Each structure stands twice: as structure tokens, then as C-alpha cells.
Amino acid sequence: MATKKGYTTQDAALAASIALPAAAGTVYSDPIDLGPISGNLGVRSEKFELAVVAPALTAAQLPASASIAYKIQASDDKTFLEGVVAWDILEAGQSGGASGADGGETRFRPPMDSPRYWRLAATVTGTVGSSLKNASIGLKYVC
């Protein structure tokens, strides 16, 4: 997983994390609220990135038969029941193997007219070790 250079200032209030599931399925982080877009500008007033932080996993947690795909989702609805836009973060995905999977941070730069609420989805496929639930993924706002 490559780390892309970019912005460096972080806001602790604009971060979310969630434990990975102990079985196949999808989990979602709590949403990060970026606030409404300025009515005068029609876009966000500062450029920003979202950082997906994935943990290093052992072969017991993520064996060769399993993988995790990460997706960033956005919506103007804080419940994410409508108007959801999603981006696959392919470079952040993890595939199991004999030595597990490397962790790392991947950056994503949303459009300036992006929705208000953001969250991270992690979809686990295959049979994973029950200790996978002890690992967590994170989403951070960086400007």
C-alpha cells in the first residue's frame, strides 16, 4: 500500500475508525461531518484529503483465502439512506497471504463540491480469523 504525499494538518474531531468484522461482510465507520458548502462559493473553502489508514494484518487474521476491499462513501444525508456516492480505494485493499497483509495509509482527494458527510466501508470476503475483529481501520480528514 503506497503512501501518497499531500496535506499534513489533521483535525482530531474529523476522524473515525471501526473494528474489522470477524466474518465476511461489510462494516461502516461513523460519518465525518465536513459541514455545509458555502452558499457564496458553491464549493468548500479549503482543499482537503481523506486518509484511509489500514492496519497490518497477520496470516491468522487475513489468510490467503480472504481479502478486504475499502470504499469511501459520501452523502448529504447523515444516515446514508439516500444520495450516496462511493469511490473504490483499490490501492488500500488488502489480500491475505502466507505473511498476512501490509498496512498503510492511502490518500483520496474529493472534489471541492463534495457532499457533507463521509464514511469508510470495509468489505471482507472469504474466511478470516476471529482475531481480525481486534484490528481497526480509520478515516481521517487532512488539510
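The values are calculated or read from the model by the stated rules, or taken from the named source; none is laboratory data. Just so it is clear, the model here is predicted, and its values are computed rather than measured. Note: ideal-geometry Cβ built from the backbone for every residue, glycine included; neighbour counts use all protein chains shown. With ligands, DNA and RNA removed, areas are computed over all heavy atoms of the protein, side chains included. Shrake-Rupley method; radii C 1.70, N 1.55, O 1.52, S 1.80 Å.
Out of the range 86-112, which residues are farther than 28 Å from Leu34 by Cα and of a type in the set (A, V, I, L, M)? Reasoning before the result, please.
From the range 86-112, those farther than 28 Å from Leu34 by Cα are 95-102; that's our starting set.
Ala98, Ala101 - these are the residues of the range 86-112 that are farther than 28 Å from Leu34 by Cα and of a type in the set (A, V, I, L, M).
Results for (1) closer than 15 Å to Ile137 by Cα; (2) in contact with a strand residue (DSSP E or B) (Cβ under 8 Å, 6 or more places away or on another chain); (3) assigned to a loop (DSSP other than H, G, I, E, B), shown as yes or no for each residue.
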position: Ala22; (1), (2), (3): yes, no, yes
position: Ser65; (1), (2), (3): no, no, yes
position: Ala69; (1), (2), (3): yes, yes, no
position: Ala74; (1), (2), (3): no, yes, no
position: Lys78; (1), (2), (3): no, yes, yes
position: Ala86; (1), (2), (3): no, yes, no
position: Arg107; (1), (2), (3): yes, yes, no
position: Pro110; (1), (2), (3): no, yes, yes
**Report entry** Selection from the range 89-105 of residues that are surrounded by 13 or more Cβ atoms within 10 Å (Cβ to Cβ), under 18 Å from Thr125 (Cβ atoms) and of a type outside the set (S, T, N, Q)
**Finding:** Ile89, Glu91, Ala92, Gly93, Gly96, Gly97, Gly100, Ala101
Requested in this report: Assess whether Ser75 counts as being farther than 15 Å from Leu14 by Cα and either open to solvent by 40 Å² or more (accessible area, probe 1.4 Å) or free of Cβ contacts under 8 Å to residues at least 12 places away in the same chain (or both).
Outcome: no
**Report entry** Residue that is surrounded by the fewest Cβ atoms within 10 Å (Cβ to Cβ), among those in the range 47-63 that are in a strand (DSSP E or B) and of a type in the set (Gly, Ala, Ser)
**Finding:** Ala51
Report task. Write out, first by first residue and then by second, each pair whose Cβ atoms fall under 7 Å of each other, whose residues are 6+ apart or on separate chains, and whose first residue, in the range 115-143, is at positive phi and touching a residue at least 60 places away in the same chain (Cβ under 8 Å) while the second is open to solvent by less than 10 Å² (accessible area, probe 1.4 Å) and not in a strand (DSSP E or B). Result -> Gly126/Ala66
Query raised in the report: Take the residues of the range 112-142 that are of a type in the set (Lys, Arg) and assigned to a strand (DSSP E or B): which is surrounded by the most Cβ atoms within 10 Å (Cβ to Cβ)?
Result: Arg119
